[in-house]
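Peer 1: Encoded as structure tokens, here's the structure I'll be asking about.
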């Protein structure tokens, strides 16, 4: 977790930042003296608002600020999608194997799933070729028709006259059927032919008549487009807030899971959550309960809105689910998997459409308004340090003055570690409250500034041990106003003013 995100609600590296600034003041810059002396060094004064801390989130995390300045953390999941390729893959005819034409009227079957009933389709691509033989050596006229394939209102029909009969097999040209309209009848495309023997003036049949379709691809289909489930990818939204958690509780009073759907399929679609679980920092898996888990109807374009995209926005809230229970306390992730159910009511009278660019996209977000409570929420970070600039000091005393306009009490402990991570000493005995929580009213809004002054003396053997440390571990514990009993609101305008000085003591 980056420092700024950590600061937002129960995660501050404030004390370490202060110590680091102190360490940047080089002891070598002080003029050497030959007598006992004290040096009072003002280190810094800074005022920081929460609005200034809202930066450097990753691409899936962002912050929004409401009109009342309430801060909300937002965590986005991946976009999961299905396109028309999934459905066209079961409608389009990709094989190149020839079909035998066994009669003068013959149905070429389409391999269309039983749940789909096509009214018509427009081809984006497709080629057709045939070949045949005649058992008679006399002039013959052959007409081949596809009565339910048309272009600009004209059915497919081609006629050939063989003046000397068919010598061997006749191979017709390859026809491009792009932009042809196909209207299957009983899921079949019909072939009709007439073989007219000119001399005897009779109709006959052909032998070894074969027809081959190559790579039929659709650009548009219309009809009842089935009820086979579209499975969407499973995803997990990580909530980084608790990355450095060690103990304690944070409660978010008004969490939400938001769902945004983009749909350009022209038929009813219902969203169904197969999995919608919240994973807590303790490892518990809590299931979302709501009447809408299995039934979120999505907006879709009508037959007169081909090419348009319809949007659906849905939120699981405390009013329609148990989300305040499962997402309110110490969440670290939301694990979910969605399905899209086309034509969920199985109403075949609803005729829909799909183009070769149709798609269905779902994005899930977790929204955590920073309105709630925290009690004993503790986290830590470990950093490398170098105190060699202070190796001549005999005593150091830090003075920290904090004016806190945020309703968070901050307790701190700093552990000084050796090269192996062993604890050499600690800064406080025991942990110290360095910032008092600003008081709030019954609505959770800050009513006043809380001020506190802290003195941190370090001397003797204890100072010697600290100056040899190579790492510090900063442990911070947070509670909202009144020890986490009252709901509080964290806003972008709340700020903390910190003033810190350091007094060095040097003996001859």
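Here, each number is a calculation from the coordinates, and none is a lab measurement. Computed from a predicted model, the values in this text were never measured in an experiment. Positions of Cβ are backbone-derived with ideal geometry, glycine not excepted, and every protein chain shown enters the neighbour counts.
Peer 1: Pop a pseudo-label 7 angstrom from the Cα along the beta-carbon direction at both residue 260 and residue 198 and give the gap in nm to one decimal.
Peer 2: 6.9
Peer 1: Any idea how far apart residue 442 and residue 347 come out in nm if each label point goes 7 Å out from Cα toward Cβ?
Peer 2: For residue 442 paired with residue 347, the spin-label model returns 4.9 nm.
Peer 1: Considering the zone a paramagnetic label at residue 280 would reach in this model (a point 7 Å from Cα along the Cα-to-Cβ line), which residues of the stretch 312-326 have amide N under 14 Å from it?
Peer 2: 323-326
Peer 1: Sticking with this structure for a sec: For a Förster distance of 41 Å, can you work out the FRET efficiency between the beta-carbons of residue 65 and residue 231, rounded to the nearest 0.05? Could you put the intermediate results ahead of the total?
Peer 2: Values: r = 37 Å, r/R0 = 0.91.
My answer for the efficiency is 0.65.
Peer 1: Find the all-direction average of the projected area of the Cα convex hull for the stretch 101-225, expressing the result in square nanometres with one decimal place.
Peer 2: Values: hull surface 31.4 nm².
Mean projected area of the Cα convex hull: 7.8 nm².
Peer 1: Taking 0.36 nm per residue of sequence separation and subtracting the Cα-Cα distance, how much length would be gained by fully extending the chain between residue 212 and residue 102, in nm to one decimal?
Peer 2: Values: separation 110, 0.36 × 110 = 39.60 nm, distance 1.39 nm.
Taking residue 212 through residue 102 to full extension adds about 38.2 nm, to one decimal.
Peer 1: Moving on. Considering the Cα positions of the stretch 109-173, please state its Rg to one decimal place and its Dmax as a whole number of Å.
Peer 2: Considering the stretch 109-173 through its Cα atoms, Rg and Dmax are 16.1, 49 Å.
Peer 1: Residue separation times 0.36 nm, minus the C-alpha to C-alpha distance between residue 120 and residue 160: what's the value? List each step's numbers first, then the result.
Peer 2: Working: separation 40, 0.36 × 40 = 14.40 nm, distance 2.87 nm.
Full extension of this stretch gives 11.5 nm more.
Peer 1: Also, quick follow-up: Give the calculated FRET efficiency between residue 380 and residue 86 to the nearest 0.05, with a Förster radius of 35 Å applied to their Cβ-Cβ distance. Walk me through the numbers before you get to the answer.
Peer 2: On the way: r = 47 Å, r/R0 = 1.36.
According to the calculation, E is roughly 0.15.
Peer 1: For the stretch 101-225, what's the relative contact order in percent, using C-alpha pairs closer than 8 Å and at least 6 residues apart? Display every interim value, and only then the final one.
Peer 2: Values: 295 pairs, mean separation 57.3, N = 125.
After rounding, I find 46 percent.
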